[in-house]
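What follows is a set of notes on a single structure, which appears directly below.
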Amino acid sequence: MPPFPASPAMARALAEARDAAARGEVPVGAVITGADGAILAAAGNRTLELSDPSAHAELLAIRSACAALGSPRLPGTTLHVTLEPCPMCAAAISQARIATLVYGASDPKSGGVEQGPRVFSHPQSHHVPQVIAGVGETEAAALLKRFFAGLRSAKP
């Protein structure tokens, strides 16, 4: 099946990913929307900038949305992220009770949703969001490939 074109929320997540790349971060962006489609939070990776291995785009967006709503749970929300979440982020998505996860590119090396540990299929996963993969996949994958090719070509 061909990839789905980017939605407006995924387009914003892709912009966050491009901003992350401009900062030298792995280009991943995330946006959380409410049931009405309004953006509650947006973030890009900041692990290097914050010297924090947990400062993934998804976690930063979840923290921001929880703070905005004054709640540790985000029922009825949708997380749009440019790359398949890692196991750490997938666990946080479950804990936050996010209703729907929409992601762009698959991550065969570090993914935790449909690759690797498949966090949502574990009995310890108390909440399983609806998962929609491949939205904005072409642009998300191209952004990641360009970023990592640039890193490889910069090495002596």
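The values are calculated or read from the model by the stated rules, or taken from the named source; none is laboratory data. Note that the structure is predicted; figures quoted are calculated from it, not measured. Glycine gets a Cβ as well: all are built from the backbone with ideal geometry, and neighbour counts include every protein chain shown. We work out accessible area using only protein heavy atoms, side chains counted, and drop any ligands, DNA or RNA first. Shrake-Rupley method; radii C 1.70, N 1.55, O 1.52, S 1.80 Å.
How large a share of the accessible area of the chain, in percent, is made up of carbon and sulfur atoms when the probe is 1.4 Å and the other protein chains stay in place? The computed percentage sits at 59.
Could you point to the label whose value was computed as Rg and Dmax of the Cα atoms in Å for the structure here, given (i) 14.6, 50; (ii) 19.1, 73; (iii) 14.3, 42? For Rg and Dmax of the Cα atoms in Å, the calculated option is (i). The 3J(HN,Hα) values that the Karplus relation (6.51, -1.76, 1.60; θ = phi - 60°) gives for region 37-44 are, in residue order, x, 5, 6, 9, 7, 8, 7, x Hz. Gly and Pro appear as x. Taken per residue, the accessible surface of the chain reaches 49 Å², heavy atoms only and a 1.4 Å probe.
Given a Förster radius of 35 Å and the C-beta distance between Phe148 and Phe4 as r, what FRET efficiency does 1/(1 + (r/R0)^6) yield to the nearest 0.05? List each step's numbers first, then the result.
On the way: r = 23 Å, r/R0 = 0.67.
That pair, Phe148 with Phe4, gives E of 0.90.
Each Lys and Arg adds +1 at its Cβ and each Asp and Glu adds -1 at its Cβ; summed about the Cα centre, the chain shows a dipole of about 240 debye.
Please sort 145-152, 87-94 by packing, taking for each peptide the average over its residues of neighbouring beta carbons within 10 angstrom, highest first. Don't skip to the end; give the middle numbers.
Numbers: 145-152: 11.8, 87-94: 21.4.
Output ranking for 145-152, 87-94: 87-94, 145-152.
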